[in-house]
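> A single structure is presented below for examination.
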Amino acid sequence: MAVKPILATPYGRGVVVQTSYNADSRCLMKGIELIDWAKPTLKGSKKPAMLFSPISFPLVEPEIGDTVQSIFGHGKVMDIRQDQTLVVRISSWRLARRSVVTCYLSKGCVRVVQPIPVSRMNIYEKIEHAQDLKAEASVCFTSKRYQEALALYAKAVDTVRYIQHDANSSNENRADLLVVMISCCNNAGTSCYQLKQWEDCIKFGQSALNLLEALYRKRETSKLLEVLRQDGFNDSKLFGIWRVKSLLLVSRGLLGRSLPEEAIKKLKTASDIISSYKSIEPGLSGLEKEVRNTYNRCKHQSKLNKQKEKQRAVAMFGGPMKDDGGSTNTASHKSASTNSSRCSAAKSHETEPHVSTLPSKPNVKAAYSISRKGETDGQKPEADPDEEPSFVEKHKEFLLCVLAGVVGSVLIFNTTTRRW
């Protein structure tokens with residue numbers, strides 16, 4: 001893999017990107033891309049400035065954090081001792097059982113090079129790069145810079161997401177990738193929750209949950225799980241703490257989207273997991289309180305949603321609305337009692353014995369005496385509730401207004417005729 005050394009120019013660090021022969025000056029011109037300088041373009045973006053010079057500039061002195069190339073491979077400067085010895089962590093290869101190689105080199109044995117792009121990194125370099133991004137994101141998250149933390153966590157996930165495995169891929173490398181993916185997804189989801197980005201919160205939480213569920217289904221025969229157990233990741237942490245965190249993130253995202261019923265299903269699953277691992281994992285007690293609080297919020301939100309639906313139904317159809325106790329309005333009670341009385345009257349009419357089919361003559365005198373008796377007693381005869389009101393009763397107010405208008409117009413006409 002060809003790497004370009006970094007030169008020390010009067011304008012800062014630079015990298016030779018092109019060379020050309022100048023016939024006028026009869027010298028080799030170098031086009032140096034200045035890393036520390038940038039100039040704006042017409043579209044608003046920036047690109048490194050260029051320096052063209054025939055001078056051969058010296059290499060830069062290595063500093064902590066620089067990527068260096070040595071005879072043992074390329075790595076990263078972790079420390080510089082008092083005797084100017086460089087502590088370099090080799091990232092291009094590993095020892096057995098993923099042991100990191102650390103070299104102690106003098107400054108003359110290394111040269112500072114450009115950082116390798118992710119597309120050209122091998123699996124060891126990608127894992128190490130993702131772990132470094134995760135460490136930087138954790139610092140930002142602790143400082144409550146959630147947007148920066150989210151960007152770094154997402155970048156770490158993208159670094160290891162599309163690694164292609166083959167038959168020679170070791171379970172140790174796969175275990176490292178799995179730990180980085182799950183932890184960064186959960187942490188990115190927590191950052192999204194703090195930023196109230198509900199869609200991304202659900203996405204990151206569900207991604208971590210899918211990986212854990214796939215590992216849980218193969219827990220009896222998985223060699224990858226054996227490697228994780230050797231690294232200190234027991235079942236209670238993987239399938240207990242991490243899985244509950246993922247479910248909690250998904251439920252919080254669903255609650256933020258006003259979907260409390262779906263969130264309650266996730267919380268019930270989390271509660272079952274807590275009851276299974278609580279006796280062997282004390283760290284689940286804090287998560288249990290968060291699950292309980294989120295569940296109470298979901299129930300409250302669900303109750304509010306039902307009340308809003310009832311109000312929309314009443315506003316649209318005008319029907320009776322049940323209260324929380326299940327009772328309806330008085331109008332519905334009255335209609336129900338009227339219907340029941342009519343049904344009982346119809347049943348009693350059907351059960352009466354049939355006496356005669358011939359109609360009898362009405363007793364007019366008896367009816368007249370009964371009506372007169374009611375009037376003399378000071379009581380008005382009761383009106384039949386099933387009897388349809390007459391035209392005069394229906395339009396009583398309208399007829400009174402018409403009569404008053406006619407009387408007024410007659411009076412006005414009489415007054416005017418008398419004056420003339």
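The values are calculated or read from the model by the stated rules, or taken from the named source; none is laboratory data. Everything numeric here is computed off the predicted structure, so don't read it as measured data. Positions of Cβ are generated from backbone atoms using ideal geometry, with glycine treated the same way; all protein chains shown enter the neighbour counts. Ligands, DNA and RNA are excluded from the accessible area calculation, which covers all protein heavy atoms including side chains. Shrake-Rupley method; radii C 1.70, N 1.55, O 1.52, S 1.80 Å.
> What about SER279, is it open to solvent by 60 Å² or more (accessible area, probe 1.4 Å), small (Gly, Ala, Ser), more than 17 Å from GLY205 (Cβ to Cβ) and part of a loop (DSSP other than H, G, I, E, B)? If you could, list the steps in order and put the result at the bottom.
Working: open to solvent by 60 Å² or more (accessible area, probe 1.4 Å): yes; small (Gly, Ala, Ser): yes; more than 17 Å from GLY205 (Cβ to Cβ): yes; part of a loop (DSSP other than H, G, I, E, B): yes.
Here the answer is yes, as SER279 does meet what is asked.
> Does TYR104 meet the test of being open to solvent by 70 Å² or more (accessible area, probe 1.4 Å), assigned to a strand (DSSP E or B) and either modelled with pLDDT of 90 or more or touching a helix residue (DSSP H, G or I) at 6+ places or on another chain (Cβ under 9 Å) (or both)?
Working: open to solvent by 70 Å² or more (accessible area, probe 1.4 Å): yes; assigned to a strand (DSSP E or B): yes; either modelled with pLDDT of 90 or more or touching a helix residue (DSSP H, G or I) at 6+ places or on another chain (Cβ under 9 Å) (or both): yes.
Against the criterion (open to solvent by 70 Å² or more (accessible area, probe 1.4 Å), assigned to a strand (DSSP E or B) and either modelled with pLDDT of 90 or more or touching a helix residue (DSSP H, G or I) at 6+ places or on another chain (Cβ under 9 Å) (or both)), TYR104 qualifies.
> Against the definition (out of contact with any strand residue (DSSP E or B) (no Cβ under 9 Å at 6 or more places or on another chain), farther than 15 Å from LEU247 by Cα, assigned to a helix (DSSP H, G or I) and not hydroxyl-bearing (Ser, Thr, Tyr)), how does LYS265 come out, yes or no?
No: the conditions fail for LYS265.
> Out of the residues in the stretch 17-57 that are at pLDDT 85 or above and assigned to a loop (DSSP other than H, G, I, E, B), which is surrounded by the fewest Cβ atoms within 10 Å (Cβ to Cβ)?
Only one residue tops the list, namely SER56.
For (1) hydroxyl-bearing (Ser, Thr, Tyr); (2) open to solvent by 90 Å² or more (accessible area, probe 1.4 Å); (3) in contact with a helix residue (DSSP H, G or I) (Cβ under 6 Å, 6 or more places away or on another chain); (4) modelled with pLDDT of 85 or more, each residue gets a yes or a no:
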position: SER285; (1), (2), (3), (4): yes, no, no, yes
position: GLU288; (1), (2), (3), (4): no, no, yes, yes
position: VAL291; (1), (2), (3), (4): no, no, yes, yes
position: ARG297; (1), (2), (3), (4): no, yes, no, yes
position: GLN301; (1), (2), (3), (4): no, no, yes, yes
position: GLU309; (1), (2), (3), (4): no, yes, no, yes
position: ALA313; (1), (2), (3), (4): no, no, no, no
position: GLY319; (1), (2), (3), (4): no, no, no, no
position: GLY326; (1), (2), (3), (4): no, no, no, no
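> Quick one: count up the residues across the stretch 135-156 that are in a helix (DSSP H, G or I) and surrounded by fewer than 22 Cβ atoms within 10 Å (Cβ to Cβ).
Of the residues in that region, 13 qualify.
> Pick from the stretch 58-71 the residues that are in contact with a helix residue (DSSP H, G or I) (Cβ under 9 Å, 6 or more places away or on another chain) and over 20 Å from THR9 (Cβ atoms): which of them is least open to solvent (accessible area, probe 1.4 Å)?
This residue is SER70.
So that you can scan it fast, the table gives a plain yes or no per residue for (1) hydrophobic (A, V, I, L, M, F, W, C); (2) over 28 Å from TYR153 (Cα atoms); (3) in a loop (DSSP other than H, G, I, E, B):
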{"site": "GLY75", "(1), (2), (3)": "no, no, no"}
{"site": "GLN82", "(1), (2), (3)": "no, yes, yes"}
{"site": "ARG89", "(1), (2), (3)": "no, no, no"}
{"site": "ARG94", "(1), (2), (3)": "no, no, yes"}
